[in-house]
Each structure stands twice: as C-alpha cells, then as structure tokens.
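Remarks on the structure that follows.
Every number in this text was worked out from the coordinates using simple rules, so none of it is lab data. Small disclaimer: the values here were computed from a predicted structure and weren't measured. Cβ placement follows ideal geometry from the backbone for every residue including glycine, while neighbour counts extend to all protein chains displayed.
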C-alpha cells in the first residue's frame, strides 16, 4: 500500500517541475519565435528585409516530432492524476483533457501551414500555443489544489 | 504513473523483468547525464562560469539566452520523466516512510533548485554556480541511489 502523504509530496514536487517546464516553454517560444503573428511569419517563412531565411521542412520537423512525444507524455503524466480527483465534474475533465491535446496539435501543425505560405496559420499557432499554456496552467492549478487540500486526491 | 505502482513488484516475473531493465536504463541515464553536464558546462566551477558568462581573456563568448533556454527546456523534460518514474518505483519498495520521504524530497527538490540556480547563475551572481553544481549532483546521485536499491530489491529480495 502506498503512503498517501509520500504520494502527495511526490505529486507536489513533480507538478512544480512541470510548472517550471511550462514557464521555460513560454520563455523559449517568445525568445525564439516572438509573440506576434508577424514575428512567427518572419521566423518560419523568412523575411528578406530583415535577412531572415525561410525554415526548411526538416528544420520544422526537428522541432515538431520530439514535441509530439514530449507534449503528449507531459499531458498524459499530468492529466491522468485528474481522473483521481473530485474537484471538477467528469464532463469538465473530458473537455479539459480534449482541449489541451487539440490546442497542442493546432500549435504543432500550424508551423507547417506558415512554412507553406498560409500566413493565417500564424494566428492559429499563437491561439493554439496560448490556449495550450493556459489550459496546462489550469490543469496544474487543479492538481496543486487537489494535492494540497483533498485527502482523497491520489 | 499509476500503472507503474499498481502491482506488487514480486508477484509477476515479467513485470519484475520490465522494471529491472527500466531501472537499469534509468540508472544509465542518471550516470550519463552527469557526464553530459560536465561536457556541456565544464568540470570545474570556474569553467561552468566561463561557459555561461563567457571569458574575455580566453575569447569565450557567453552562452546565448536561446541556448540556455533550449538546454533548460529539454533537460527539464528528461529530468521530470526520469525522476517521476524512478520515484513511482521507489514508492513500492520495502523502505521506511522516512527513508522514502527523504529520497523524494532530495531528488525532486534538488532537481527543481538546480534548474532555478542555473537561471540564477545566468541572470545574477556567479556564486550561484555552487548551488547549481551541488543540487545538480545531488539529484543525480539520489536518483542513482534510489535505482540501486530498486535493482537490489528486484534482483535479490524475494518477499
């Protein structure tokens, strides 16, 4: 039988590390791509006036492919704890988990759209990215609350 | 990782085999990562400072913020995965509550502090190099210690 107090300590520290991972993701995104549609278009599709060359498909794949693994693992590890909490309803859990995965997919796939010249995808990428980060923050908030307060949060 | 901690370690030989090889590979990750960090940042505090802040007399450029963030982002993900699964195995080992608690606190806590110390070293004082090295070593060594106990109990201790 696993001691609940130990499990709660582990969960709290793991969630803190995931929160730091989330913060580093936002920071890296803003440093690398910028947080506006025009900066995203310049990064992926290139900008002759700023002497920025367009990215290759290989370059985008190098970022996208590891993110399929990393993001899905992070969501899975975090969100599977949600199933054992009672803080939000089952329907809201369903919506939250589905929305996080969809937002992550929109974020990752939009890079290819920008690369092929469809500049509207810059907005989609930003919306996907912001939505993903906000929903992950919400998920972590719920789990922190469960780890700190609920006796049956494990 | 609920599925990793939902069975007794010794009831299913295949599960024991799976966990043993997983623990072995994780052990190699913790050991290998120490060598990677030494290779990336340098083996001494002075060299770590030179790598991050640069050294004009040796013509060493400071580490760019983008490189630092990329390192932090990737290393943090790997650390979370390795530590979390290792601690999930640890929860099922035959150890006292206090022993397990200290392993979890030292491993996970020092990992968190090591990444924060790295940011502190980049943005503020050079003295942050000492907590960075200390906490980095600590979470790797505690991880190695936890996995060594896991491998010992999986291999030798029949209950």
For B:139, B:102, order by how many other beta-carbon atoms lie within 10 Å, fewest first: B:102, B:139
Extension gain from residue A:144 to residue A:61, taking 0.36 nm per residue of separation minus the Cα-Cα distance: 26.5 nm
Relative contact order for chain B, counting Cα pairs under 8 Å that sit 6 or more residues apart, in percent: 33
Theoretical ellipticity at 222 nm over chain A - DSSP helices of four or more residues, -39500 (n - 2.57) apiece, nearest 500: -27500 deg cm²/dmol
Peptide A:76-87 - average C-beta neighbours from other chains (10 Å radius): 1
Equivalent ellipsoid dimensions for region B:75-159 as semi-axes, Å, which come from the Cα gyration tensor, largest first: 29, 11, 10
Per-residue Cβ neighbour rank within 10 angstrom, fewest leading, B:135, A:132: B:135, A:132
Averaged over A:7-17, number of beta-carbon atoms from partner chains that fall within 10 Å: 6
For region B:7-134, diffusion coefficient by Stokes-Einstein and Kirkwood Rh (Cα), 20 °C, 1.002 mPa s, µm²/s: 129
Highest to lowest packing among B:72-82, A:66-76, A:83-93, scored as the average C-beta count within 10 Å: B:72-82, A:66-76, A:83-93
Averaged over B:73-85, number of beta-carbon atoms from partner chains that fall within 10 Å: 5
Pairwise label distance in nanometres, residue A:35 with residue A:84, each label 7 Å out on the Cα-Cβ vector: 3.5
Under 15 Å from the residue B:53 label point (7 Å along Cα→beta-carbon), backbone N, region B:109-138: B:118-133
Contact order normalised by residue count of chain A, Cα under 8 Å, 6+ apart, percent: 31
Interatomic Cα distance distribution for the protein assembly as shown, bins of 20 angstrom, percent: 29, 55, 16, 0
Cβ-based exposure ranking for B:108, A:136, in which fewest neighbours within 10 Å come first: A:136, B:108
In nm, spacing of pseudo-spin labels at residue B:66 and residue B:141 (7 Å Cα→C-beta vector): 3.7
